[in-house]
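Beneath this line is the structure, given in structure tokens, with notes to follow.
The values are calculated or read from the model by the stated rules, or taken from the named source; none is laboratory data. Since this is a predicted model, take the numbers as computed values, not measurements. We place every Cβ from the backbone using ideal geometry, glycine too, and count neighbours over all the protein chains shown. Please note that ligands, DNA and RNA were not included when accessible areas were found on the heavy atoms of the full protein model with its side chains. Shrake-Rupley method; radii C 1.70, N 1.55, O 1.52, S 1.80 Å.
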Amino acid sequence: MPSTIRQMRQEDKPAVMEMMRVFYASPAVLSNGSEEIFSNDIDACISDSPYLEGYIIEDTANIQGYAMVAKSFSTEFGKPCIWIEDLYLKDACRGLGIGRQFFDFITEKYAGCLFRLEGEEENTRAYQLYKKCGFSVLPYTEMKK
């Protein structure tokens, strides 16, 4: 049975905070984040922020994971850009096609947009999924301040 993908709500915050703690402590992410950052991210997802959207992935009984996407515009590609910032699935939910279902959902919702994400090559299962979903590696370094 396919999972349901819906907008994140206030009552999801404790569950999403717990998943973010696990995700940001894993080798899939370079920074460890903080409780303040996690809380701010969720608050932006459940508000009317024009920049960030949050999604809950669930079956009829349980939350299986969450995702966050940020919106921008790519002058390099001349169109709106959707950044898949976080995509986290609980261990028991990996390898069931849920990640692909999320990518199908978000690319249909934002048809015609450019989609970007960051990944760690060491996270081989996720990296393989990204490639199967049509993502390719860009040959440059991202910088931050």
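Could you say which residue among Gly65, Gly134, Gly119 is of a type in the set (Gly, Ala, Ser) and over 26 Å from Ala25 (Cβ atoms)?
On the way: Gly65 fails: over 26 Å from Ala25 (Cβ atoms); Gly119 fails: over 26 Å from Ala25 (Cβ atoms).
Testing whether each residue is of a type in the set (Gly, Ala, Ser) and over 26 Å from Ala25 (Cβ atoms) leaves just Gly134.
Just name the residue that is nearest to Arg125 (Cα to Cα) out of those in segment 18-69 that are among the hydrophobic types (A, V, I, L, M, F, W, C) and assigned to a strand (DSSP E or B).
If we filter segment 18-69 for residues that are among the hydrophobic types (A, V, I, L, M, F, W, C), which is where we start, we get 19-20, 22-23, 25, 28-30, 37-38, 42, 44-46, 52, 56-57, 61, 63, 67-69.
Filter once more, so that each one left must be assigned to a strand (DSSP E or B): 52, 56-57, 63, 67-69.
Details: Leu52: 26, Ile56: 21, Ile57: 19, Ile63: 21, Ala67: 17, Met68: 19, Val69: 20 Å.
Filtering segment 18-69 for residues that are among the hydrophobic types (A, V, I, L, M, F, W, C) and assigned to a strand (DSSP E or B), the one nearest to Arg125 (Cα to Cα) comes out as Ala67.
Residues in segment 1-31 that are surrounded by fewer than 16 Cβ atoms within 10 Å (Cβ to Cβ) and under 24 Å from Ser72 (Cβ atoms): Arg6, Gln7, Leu30, Ser31.
Has segment 38-45 got any residue that is aliphatic (A, V, I, L, M), at pLDDT 95 or above and closer than 20 Å to Asp91 by Cα?
Here is the first cut: in segment 38-45, the residues aliphatic (A, V, I, L, M) are 42, 44.
Now drop any that are not at pLDDT 95 or above, which leaves 42, 44.
Now drop any that are not closer than 20 Å to Asp91 by Cα, which leaves none.
No, that holds for no residue.
The number of residues in segment 79-92 that are open to solvent by less than 60 Å² (accessible area, probe 1.4 Å) and under 22 Å from Pro2 (Cβ atoms) comes to 6. Just checking, how many residues over segment 115-145 are surrounded by 10 or more Cβ atoms within 10 Å (Cβ to Cβ), of a type in the set (S, T, N, Q) and not in a helix (DSSP H, G or I)? Total meeting the criteria: 1.
From Arg94, Arg116, which residue is more than 23 Å from Asp48 (Cβ to Cβ), in contact with a Lys or Arg (Cβ under 8 Å, 6 or more places away or on another chain) and in contact (Cβ under 8 Å) with a residue 12 or more places away in the chain?
Working: Arg116 fails: in contact with a Lys or Arg (Cβ under 8 Å, 6 or more places away or on another chain).
Result: Arg94 is the single residue among Arg94, Arg116 that is more than 23 Å from Asp48 (Cβ to Cβ), in contact with a Lys or Arg (Cβ under 8 Å, 6 or more places away or on another chain) and in contact (Cβ under 8 Å) with a residue 12 or more places away in the chain.
Only residues that are open to solvent by 40 Å² or more (accessible area, probe 1.4 Å), under 22 Å from Lys71 (Cα atoms) and not hydroxyl-bearing (Ser, Thr, Tyr) were counted in segment 93-114, giving 8.
The set of residues in segment 73-92 that are more than 15 Å from the chain's Cα centre (by Cα) and on the phi < 0 side of the Ramachandran plot comprises Phe73, Ser74, Thr75, Glu76, Phe77, Lys79, Pro80, Asp91, Ala92.
Would you check which residues across segment 1-17 are over 20 Å from Asp48 (Cα atoms) and not in a loop (DSSP other than H, G, I, E, B) and list them?
We begin by selecting, within segment 1-17, every residue over 20 Å from Asp48 (Cα atoms); these are 1-4, 15.
Matches in segment 1-17: Thr4, Ala15.
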